[in-house]
Amino acid sequence: MIDVILIRPAHPQDFPAMKAILRDTFERTWRPEITEAAARRYIETDIGGGFVAHSGADMLVAEADGRVAGLVHCVDDFIDALHVHSDFQRRGVGRRLLARAERDIAEKGFPRVRLETDTFNEQARGFYRALGYVETAHYPDEEWQSGLTTVLMEKPLGHVE
């Protein structure tokens, strides 16, 4: 664990580090599982960079050891991105980002939180299950066009005062 993890709104100066986090998780998690054509499309069109450029101002980042270590982005009751740089995985960063996202979603009045991962990503599935998420649906992952299966996970939220 890291002693101090600061969760804060992202700033434009964080965008290069946020793009690097998305590239790191792409290379370590997704690239080994997707087709070469899908990987080439991701890199050539800079999907991660475009996501940060479009939504970065609405994201939260985790700062640890003086670095941007992770990010989270939510839309309504849906966590559509939770990424932690591999240098910081299993050190409490993801747990802190997820807890903050859940709190923010609950404060907006939503009774549950939803997110997606893929069936191959046992590390993520185990992480979410350990924190109370339940798999509620499986369907084709059309984003990567690689024959993967998406898992929808949900968790009820308690009342926040």
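Quick note: the coordinates plus some simple rules give every number you see, no bench work behind them. From a predicted model like this one, the values you see are computed outputs, not experimental measurements. Neighbour counts are summed over all protein chains in view; Cβ atoms, including those assigned to glycine, are modelled from backbone coordinates with ideal geometry.
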Original post:
Which residue fluctuates the most in the chain, going by a Gaussian network model with Cα springs under 10 Å, if the choices are GLU135, GLU27, GLU143?
Top reply: GLU143
**OP:** Calculate the dipole size of the stretch 5-156 relative to its Cα centre from +1 charges on Lys and Arg beta carbons and -1 charges on Asp and Glu beta carbons; express the result in debye to the nearest 20.
**Re:** 560 debye
